[in-house]
1. Return the only residue of Asn102, Asn95 being of a type outside the set (Lys, Arg) and at positive phi.
2. If Ala278 satisfies all but one of (1) over 18 Å from Val340 (Cβ atoms); (2) under 40 Å from the mean Cα position of the chain (by Cα); (3) surrounded by fewer than 16 Cβ atoms within 10 Å (Cβ to Cβ), what's the number of the condition it fails?
3. Give the residues of the range 104-134 that are acidic (Asp, Glu) and either over 28 Å from the mean Cα position of the chain (by Cα) or at pLDDT 90 or above (or both), sorted by residue number.
4. What residue, of Glu11, Glu5, Glu35, Glu82, is part of a helix (DSSP H, G or I), within 23 Å of Leu127 (Cβ to Cβ) and without any contact (Cβ under 8 Å) to a residue 12 or more places away in the chain?
5. Restricting to the range 233-277, and then to whatever is near the ligand (Cβ under 10 Å from one of its atoms) and among the charged types (D, E, K, R), can you tell me which residue is nearest to Gly298 (Cα to Cα)?
6. Among the residues of the range 215-227, write down those that are part of a strand (DSSP E or B) and among the aliphatic types (A, V, I, L, M).
7. Suppose we filter Val265, Val287, Val296 for residues that are crowded, with 18+ Cβ neighbours inside 10 Å, free of Cβ contacts under 8 Å to residues at least 40 places away in the same chain and within 17 Å of Met225 (Cα to Cα); which single one remains?
8. Is it the case, given these coordinates, that Asn283 is within 16 Å of the ligand (Cβ to nearest atom), modelled with pLDDT under 95 and farther than 22 Å from Gln345 by Cα?
Amino acid sequence: MQRLEKYAIIEDVRVKTKRRVYIILKRKLKYGTKEIIKFFSIIAIGLGIIIVIISMKYKPTYEVKIQGVKLGYVKSKNSFEEQISEEIVNQVGTNIDYVVLNAQPEYELKLVSRMQETNENEIIAKLQDETSITYKYFAVTLDQKIKSCVNTLEEATIVVDDIKSEYANNIELDLQVVEKYTNNLQEINTETLEVAETSLHDAVDLKIEEDNKAIKINGIKLSSMPLDSNVSKIISSRFGEVSTVRKSAHKGLDIACAAGTPIKVMSKGTVVFAGYDANGLGNAIRVDHGNGVQTVYGHCSELYAKVGETLSAGDVIAAVGSTGNSTGPHLHLEIRINGVAMNPQWYVYK
Ligand SMILES: [Zn+2]
């Protein structure tokens, strides 16, 4: 029994000691935590003070650079980007088709002195110099040649419609509106609607005047000579000539020149024959120009146009040769009205 009591007392002391140590430790820990909290509080307050001081002197601002060159500062990146799109990229102006910034601005968020002013408008002005602007205008053409330029499609359409309706009874006009682009504003030489109409009037009047002077066969205008003016050529046989080489009088005009020389159709029309002519013309082309007028090109070395093809005056249709009943390279040119051969020299190569 004694031994048991002794153990009980020892156990009691052990438990009590343990509890005491625990209390001491707990106290110490409590004290330590307080110290840590205190330490961090001081740091936080210190940081707070530093932040307050910094934010009193400095502000976060975007520095803007373009290709490494500093342009200035802006308050907000987003609203500045909006300003760029509004005032530069999507700017509206006469003739402006589209605007491209040559280099994109770079932004860097920085703390700068509150004294530093932002300069959005100045940067916009600098960026304006770093753009490529494509300008657009509209040309009115007569026979594919520009006669007048205006700023808008509406104006161009008005000019064309007015002129067309005015001359509708006199002449068939090839008037077109062509979109033109340039990066150089100086190149644009647009006219007001009235001036444009006057310019076109003059051009059409000149065309009518030239048209009246033009060589015509039965109302069909001969706009092109069959051989270029710089081609060396001689008349080798005239219309109506009688010769032992032919069964009847010559129905065309023979123009001797180098083989391969391009032959051009004299007026607009449709090819009605293109092939080998068994009656002596060799490779030949016959073109119908309307009003009963046809032209024939014979003895060709090559034929380029085909039956049914629609031609414009001056189109190259064949090459000079010596095929068929021929003694050397030459163009045999025939002009027919309602199937009757006329003397070509009444009209050309007089
Ligand atoms: Zn001939």
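The values are calculated or read from the model by the stated rules, or taken from the named source; none is laboratory data. Here the structure is a predicted model, which is why all the values come from computation and not from measurement. In this analysis, Cβ positions are derived from the backbone assuming ideal geometry, glycine residues included, and neighbour counts consider all displayed protein chains.
1. Asn95
2. Ala278 satisfies every listed condition except (2).
3. Once the filter is applied, which keeps residues that are acidic (Asp, Glu) and either over 28 Å from the mean Cα position of the chain (by Cα) or at pLDDT 90 or above (or both), the range 104-134 yields Glu106, Glu108, Glu117, Glu120, Glu122.
4. Selected residue: Glu82, the only one of Glu11, Glu5, Glu35, Glu82 that is part of a helix (DSSP H, G or I), within 23 Å of Leu127 (Cβ to Cβ) and without any contact (Cβ under 8 Å) to a residue 12 or more places away in the chain.
5. In this case the residue turns out to be Asp254.
6. Ile217, Ile220
7. Criteria check complete, one pass: Val287.
8. The answer is no for Asn283.
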